[in-house]
1. Round to a whole number: what % of the accessible area of the chain belongs to carbon and sulfur, probe 1.4 Å?
2. Classify the stretch 125-225 from the C-alpha gyration tensor, please: rounded if a/c falls under 1.5, else prolate or oblate depending on whether a/b exceeds b/c.
3. Near the amide H of Ala117, under 5 Å away, which other amide H atoms are found, from residues 5 or more places off or on another chain, if H is placed in the peptide plane?
4. With an 8 Å cut-off on Cα pairs and a minimum separation of 6 or more residues, tell me the relative contact order of the chain in percent.
5. If I take R0 = 22 Å and measure r between the Cβ atoms of Glu76 and Thr128 in this structure, what FRET efficiency does the formula 1/(1 + (r/R0)^6) give, to the nearest 0.05?
6. Using helices alone, what [θ] at 222 nm do you get for the chain, with -39,500 (n - 2.57) per DSSP H run of 4 or more residues, divided over all residues and rounded to the nearest 500?
7. Going through the stretch 83-142, which trypsin sites (Lys or Arg not before Pro) have at most 12 other Cβ atoms within 10 Å and a DSSP loop state?
8. Run the numbers for Gln185 and Lys223: contour at 0.36 nm per residue of separation, minus the present Cα-Cα distance, in nm.
Amino acid sequence: MLMSDHHGDLLMTCLRPLAHSIYRLIFPAKTVGLDNYRRLPADQPLIVVANHPGHHDPILLISRIDRNLHFLAKTELLDGHFGWFFSRLGLVRVNRDKHGSGLEQAKRYLMDGHIIALFPEGTIKFKTVNQLLPFKHGAIKLANATGAPILPVAIIGRPRPFWFRRCRICFGQAYHPNDQLDIDQETTRLQEKILELMKANGVGNAEIIPGKPAQNPGKEPPKQV
């Protein structure tokens, strides 16, 4: 088990009841397909992958999932003003200027039976809430390396206080990558699954922004091909 896991799990365990009660009361959102998560074994490793329309996205997932999540988090977040708090949540540090950063720690969490959660767009910038930026390959790399299934989630809209119809969290069916496809094809397949979830839940104008993901998506738009 990871050395930091105890403290991270303890703080996340304390945060989850607050997210499931107070947060959900103040920022209500409709949940769709949660049984796709609930029917999974409670002790198996899992990779939760969602689109990233807004800053509330991590706590939206925490407020719906009854296990502790270990998010991939940018270095700037962990070194910022509230780094003392975020560093105790069991987050996986990712240096977005360094290729493959954080994947080894994420693999160790999965091998210990935990949940890794990530947003493969890497940012909420350079798009509208109904658009998807090109996905980075991390989720597929982790699934191929550990055998953990991927649970796709579509987050639709951004929550507002006491406005129930403002936001939806839609869970798809967990799946394993197809070992007959290369990593680019599998990443595209994952992106299309989340796009389909968005469209199936009322976002008719959902679309994928073409191109390749930037090395640091928070600083630069997708690379045009």
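1. 55
2. Oblate shape, in that a/c is at least 1.5 and b/c is the bigger or equal ratio.
3. It is Val48, His70, Phe71, Leu72, by chain and number.
4. Result for the chain is 27 percent.
5. So, using R0 = 22 Å, E works out to roughly 0.40.
6. One gets -8500 deg cm²/dmol as the mean residue ellipticity at 222 nm.
7. Lys98
8. This chain segment gains 11.9 nm when fully extended.
The values are calculated or read from the model by the stated rules, or taken from the named source; none is laboratory data. Every value quoted in this text rests on a predicted model; they were computed, and no experiment measured them. Neighbour counts run over all protein chains shown; Cβ positions are idealised from the backbone, glycine included. Quick note on the areas: whole protein, heavy atoms, side chains included, nothing else; ligands and nucleic acids left out. Shrake-Rupley method; radii C 1.70, N 1.55, O 1.52, S 1.80 Å.
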